[in-house]
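Taking it in order: structure first as structure tokens, then the write-up.
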Amino acid sequence: MNIDGIASGYSVSGYETKKTQQSANKSNFAETLNHASNMQPHTSIVYLKTDDMLYSGGNGTGLSFYIKYAENTTEEDPIVVAKGVDENGNEFEQTIHINNINPKSATIVEMRALEAYTGVEKQCGFTSLPFGTGLMGLHDRKNFMDVFQNAIDDMKLLNQKAAVAYYQYSMQTYWDFMK
């Protein structure tokens, strides 16, 4: 008997458990939970969103930041400033030129800036980005288009049509931006 769980990525045959090849290359829920349980407790800083902020939030690593338009932003060259603390509690400030963001190789801060700039509808009011980005550090880069495609594939396996449609919509917004 084989049981292949989307979260666990393990195949059970009799009494033997083996990691399946398909899930070996993907970040999965069990891996995320394992990482979270091994993290040391830390103090988090939370920035409350004000009217002039495009984004305020963070993730499970302790990364916390807000994004505002820069004073010298223009329609032709939209510029934002992100300020906050990284996953190690160190303060940071980044200037991001929206037109230079590449969703195929972006940081979580860049994608939050792009999310705010494009006005993509946020699922449940929180995010347009799929699960799997919650453990990214300040300087970590991902191909977010691959992350979206993996989420779409997973939701298709689970027959979650609304989630598939939502992630397709979000992904299309970022494809349109790249054109």
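Considering only segment 130-143, how many residues are out of contact with any helix residue (DSSP H, G or I) (no Cβ under 6 Å at 6 or more places or on another chain) and buried (at least 19 other Cβ atoms within 10 Å of the Cβ)?
2
Name the residues in segment 150-166 that are open to solvent by 70 Å² or more (accessible area, probe 1.4 Å) and either of a type outside the set (A, V, I, L, M, F, W, C) or touching a His at 6+ places or on another chain (Cβ under 7 Å) (or both), would you? Before you say what the answer is, go through the steps one by one.
Going through segment 150-166, the residues open to solvent by 70 Å² or more (accessible area, probe 1.4 Å) turn out to be 156-162.
Passing the criteria: LYS156, ASN159, GLN160, LYS161.
Which of the residues that make up segment 167-179 are buried (at least 20 other Cβ atoms within 10 Å of the Cβ) and either aromatic (Phe, Trp, Tyr) or over 23 Å from THR107 (Cβ atoms) (or both)?
Initially, segment 167-179 is screened for residues buried (at least 20 other Cβ atoms within 10 Å of the Cβ), giving 167, 170-171, 174.
Hits for segment 167-179 are TYR167, TYR174.
How do the strands (runs of 3 or more DSSP E) wholly within segment 1-88 filter down when requiring 1 or more residues that are modelled with pLDDT under 85: which remain?
Numbers: elements: 10-13, 16-19, 53-58, 64-69, 79-85.
It comes to 10-13, 16-19.
For segment 89-113, what are the residues that are farther than 15 Å from TYR55 by Cβ, charged (D, E, K, R) and not in a loop (DSSP other than H, G, I, E, B)?
Correct list: GLU91 only.
Mind counting the residues in segment 124-169 that are closer than 28 Å to GLN94 by Cα, in contact with an Asp or Glu (Cβ under 8 Å, 6 or more places away or on another chain) and not in a loop (DSSP other than H, G, I, E, B)?
Here the count works out to 1.
Within segment 57-110, track down each residue that is among the acidic types (Asp, Glu) and open to solvent by less than 40 Å² (accessible area, probe 1.4 Å).
Filtering segment 57-110 down to residues among the acidic types (Asp, Glu) leaves 71, 75-77, 86-87, 91, 93, 110.
ASP86, GLU110, listed by residue number.
The values are calculated or read from the model by the stated rules, or taken from the named source; none is laboratory data. The structure presented is a predicted model; accordingly, all values stated were derived computationally and were not measured. We place every Cβ from the backbone using ideal geometry, glycine too, and count neighbours over all the protein chains shown. To get the accessible areas, we keep the full protein, side chains included, count just its heavy atoms, and leave off ligands, DNA and RNA. Shrake-Rupley method; radii C 1.70, N 1.55, O 1.52, S 1.80 Å.
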